[in-house]
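No lab work stands behind these numbers, since they all come straight from the coordinates. For clarity, every value in this text was computed on a predicted model and none was experimentally measured. Backbone-built Cβ (ideal geometry, glycine too); neighbour counts: all protein chains shown.
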Amino acid sequence: MFKFVLNDAACYVRSNVRDFSLNALRLLPQLPQLSPYDVNLVLRENEFVYNFPVDGVIRSYESNQLGSNWPCEDSRTEASLLHRNGFICGIFDGHAGAACGQVVSKRLLRYVSAATLPRQVLREQMMQGADSQSFLKCHNDNVDFVSMIKPIYEASFLKYVNQLLETPQRDVSSELVNAFLQLDEEISQEALASNDVRTMNVALSGAVACLVHIEGLQMHVASTGDCGAVLGVLDPETQQWQPKKLNIEHNADNMSEVRRILAEHPKEEHETVIRNGRLLSQLAPLRAFGDFRYKWSQEIMQQKVLPMFGVQAMAPNYYTPPYLTARPDVQQHKLGPNDKFLVIASDGLWDFLSPSEVVSLVGEHINSKKILEPMRLPEGETTLQEISQQLAERKAGLTRKPVDQNAATHLIRHALGGTDYGIEHSKISYYLTLPRDVVRLYRDDITITVIYFNSEHIAKLHSDVDQTEVTAPVA
């Protein structure tokens, strides 16, 4: 259980990362100085880009991941929804090991894709022998569960679908909440029923999650824990980028969340339930998947967990569990023509950059990439002076040419190397060369997905809706 203690200490240091001087890092003379070429190799190692058909709401997405823990405890998954036009993706930040995050990143999208499908279509597909992977097409995930565990997860999925088919269709927000809670409950039941160390490791490690579901113009963001999602909106009048937060972090800085937890436990425990900004003085996120050592009864902990993992697995002042839930907050947003992109990321990014800084950086990245596109003359007659002016603007724009084509990499570079005077290469180099047993004290795993919306198609959909409402008969 030492990894639980080390994880808590690392989180505390990283939460104060802005207070650490770069000069402290430079006191480590044994660290090699990476060349710009080497830095680029490291930063771009896990890049991924996917382009969608032109006639969709989403134009493309870009993602990247830079690990700090070994193995990396973050996971990411993106997929197209089958049997209808839709997209789903998520960022999953694990703690106390990678097991829970890896499992949830695969299973949660499968649960949501089935739950949001019309019940009749779901019933027809199941009668044709569908399994958990029949309702979505993953774009960046080619690894499945090991053969010993897969049947357990498939049986749980079938049980979940049968429950869905017995209940009326709910709105998307309700289906998302139910999917989160049901998956978490099945992780618990699988660990207690199988007595397998692998399922128990999934249950005792934890993960926070931020999931995005897009179908038509409707976007839902379901979040449990402290990952973040921010929408980049372009003001049509000022041409300035505006951030719009689409989730609420569940941590001790969220006073409504603190009050919720305190209200669920006796007054005698109010001094110990949240101490030093942590649940039972240990866990930073106040909602999460797994982490059943903060959820199971004392009896289950005594019978199932302590014999396998020792008394350290029991949190101090553990009197009235559960103290933790996987229930997400869900925010709904109707996409408009001014909504240009969405960024979801694990807290490793938000430790360095604010939502407004992230939106500004991606917005600038979009503008600077335009100079890399082929020059197009405006329609109609064009004078030589206009062509000359356009060429001059492109030449001036070369100074703003982005180092990275991938916006997620662009954000990671600025997170690690950003200063008031631009990017400092040596700063990035030091962050990337810190030893494994030290690096997690200075930065967390960083995982980012940037989704670009097709403004023209969104505007057309709005126009079609408006025309339908105008021509609709009056009762």
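What is the extension gain from residue 306 to residue 143, computed as 0.36 nm multiplied by their sequence separation minus the C-alpha to C-alpha distance, in nm to one decimal?
Numbers: separation 163, 0.36 × 163 = 58.68 nm, distance 3.24 nm.
Fully extending the segment from residue 306 to residue 143 adds 55.4 nm.
Quick check for you: which residues of the range 208-226 have the amide N under 15 Å from the point 7 Å beyond the Cα of residue 85 toward its beta carbon?
Zone members listed by number: 214-219.
Mind ordering 98-110, 33-45 by average Cβ neighbours within 10 Å, highest first? It would help to have the intermediate numbers written out before the result.
On the way: 98-110: 25.2, 33-45: 14.5.
Final packing ranking: 98-110, 33-45.
Between residue 313 and residue 403, how many nm apart are label points set 7 Å from Cα along the C-beta direction?
The modelled label-to-label distance comes out at 4.5 nm.
Could you work out how much longer the chain between residue 124 and residue 171 gets when fully extended? Use 0.36 nm per residue separation minus the Cα distance between them, nm to one decimal.
On the way: separation 47, 0.36 × 47 = 16.92 nm, distance 2.04 nm.
Difference between extended and current length: 14.9 nm.
Let me have the relative contact order for the range 98-203, percent, based on Cα pairs under 8 Å that are six or more residues apart. Please report the intermediate quantities before stating the final value.
Working: 59 pairs, mean separation 44.4, N = 106.
Rounded, it is 42 percent for the range 98-203.
Can you give the helix-only mean residue ellipticity at 222 nm for the chain, where every DSSP H stretch with n ≥ 4 adds -39500 (n - 2.57) and the sum goes over all residues, rounded to the nearest 500 deg cm²/dmol?
Values: 17 runs with 186 residues, N = 475.
Rounded to the nearest 500, it is -12000 deg cm²/dmol.
Just name one of 127, 158, 88: the one whose Cα is farthest towards the positive end of the charge dipole of the range 53-186 (beta-carbon charges, Lys/Arg +1, Asp/Glu -1).
Farthest towards the positive pole: 127.
How many nm is it between the label spots at residue 276 and residue 33, if each spot is 7 Å from the Cα in line with the beta carbon?
Output for this residue pair reads 3.9 nm.
Which shape class applies to the range 47-200: rounded if a/c is under 1.5, otherwise prolate when a/b exceeds b/c and oblate if not, where a ≥ b ≥ c are the square roots of the Cα gyration tensor eigenvalues?
On the way: a/c = 1.83, a/b = 1.02, b/c = 1.79.
The shape class here is oblate.
Give me the dipole magnitude in Debye, nearest 20, for the range 126-191 about the Cα centre, with unit charges on the beta carbon: positive for Lys and Arg, negative for Asp and Glu. Intermediate results must be reported in sequence, preceding the final value.
On the way: 4 positive and 11 negative charges, 33 e Å.
The dipole of the range 126-191 has a size of about 160 debye.
Starting with the highest mean, order 436-444, 64-72, 219-227, 456-464 by the number of other Cβ atoms within 10 Å, averaged over the residues of each peptide. Mind showing how you got there, number by number?
Details: 436-444: 17.7, 64-72: 19.8, 219-227: 25.7, 456-464: 14.6.
Ranking, from highest mean packing down: 219-227, 64-72, 436-444, 456-464.
Provide the FRET efficiency to the nearest 0.05 for the residue 42-residue 237 pair, computing r from the beta carbons and using R0 = 35 Å. Could the numbers behind the result be given before it?
Working: r = 41 Å, r/R0 = 1.17.
After rounding, the FRET efficiency stands at 0.30.
Once Lys and Arg get +1 and Asp and Glu get -1 on their Cβ, which of 284, 326, 262 lies farthest toward the positive end of the dipole of the range 251-338?
326
Rounded, prolate or oblate: which fits the range 234-318, taking a ≥ b ≥ c as square roots of the Cα gyration tensor eigenvalues, rounded meaning a/c under 1.5, else prolate when a/b beats b/c? Write out the running numbers ahead of the final one.
On the way: a/c = 3.76, a/b = 2.31, b/c = 1.63.
Prolate, because a/c is 1.5 or more and a/b exceeds b/c.
Taking the Cα centre of the chain as the origin and placing charges on Cβ (Lys, Arg +1; Asp, Glu -1), which of 426, 242, 63 is farthest toward the positive end of the dipole?
426
Tell me, what HN-Hα J-couplings in whole Hz come from the Karplus equation 6.51 cos²θ - 1.76 cosθ + 1.60 at θ = phi - 60° for each residue of the range 309-323, using x for Gly and Pro?
Coupling constants for the range 309-323: 10, x, 5, 5, 6, 8, 5, x, 6, 8, 10, 10, x, x, 9 Hz.
Any idea how far apart residue 260 and residue 150 come out in nm if each label point goes 7 Å out from Cα toward Cβ?
3.7
Quick one: which residues, 5 or more positions from residue 247 or on another chain, have an amide H under 5 Å from its amide H? H modelled 1.01 Å from N in the peptide plane, none for Pro or chain starts.
229
Please compute the contact order of the range 253-364 in relative form: average sequence separation of alpha-carbon pairs under 8 Å and at least six residues apart, divided by the residue count, as a percent.
Worked out over the range 253-364, it gives 22 percent.
Can you compute the charge dipole magnitude of the chain about its Cα centre, using +1 on each Lys and Arg Cβ and -1 on each Asp and Glu Cβ, nothing else charged? Give it in debye, rounded to the nearest 20.
Values: 45 positive and 58 negative charges, 138 e Å.
Magnitude of the dipole: close to 660 debye.
Please state the shape class of the range 190-249: rounded when a/c is under 1.5, otherwise prolate if a/b exceeds b/c and oblate if not, all from the C-alpha gyration tensor.
Working: a/c = 5.87, a/b = 3.05, b/c = 1.92.
Verdict is prolate for the range 190-249.
Hey, can you grab everything whose amide H is under 5 Å from the amide H of residue 74? Only 5+ residues off in sequence or another chain; H modelled, so Pro and N-termini drop out.
94
Mind checking the full-extension length gain between residue 253 and residue 185? Use 0.36 nm per residue of separation minus the Cα-Cα distance, one decimal, nm.
On the way: separation 68, 0.36 × 68 = 24.48 nm, distance 2.70 nm.
Length gained between residue 253 and residue 185: 21.8 nm.
Which ³J(HN,Hα) values, rounded to whole Hz and listed in residue order, are derived for the range 435-451 from phi using the Karplus coefficients 6.51, -1.76 and 1.60 in 6.51 cos²θ - 1.76 cosθ + 1.60 with θ = phi - 60°, glycine and proline given as x?
x, 4, 7, 10, 4, 5, 7, 10, 8, 9, 4, 10, 10, 9, 10, 10, 9
Using alpha-carbon pairs under 8 Å, 6+ residues apart, how would you state the relative contact order of the chain in percent? Provide the component values of the computation, followed by the final result.
Numbers: 795 pairs, mean separation 116.1, N = 475.
Once normalised by length, the contact order is 24 percent.
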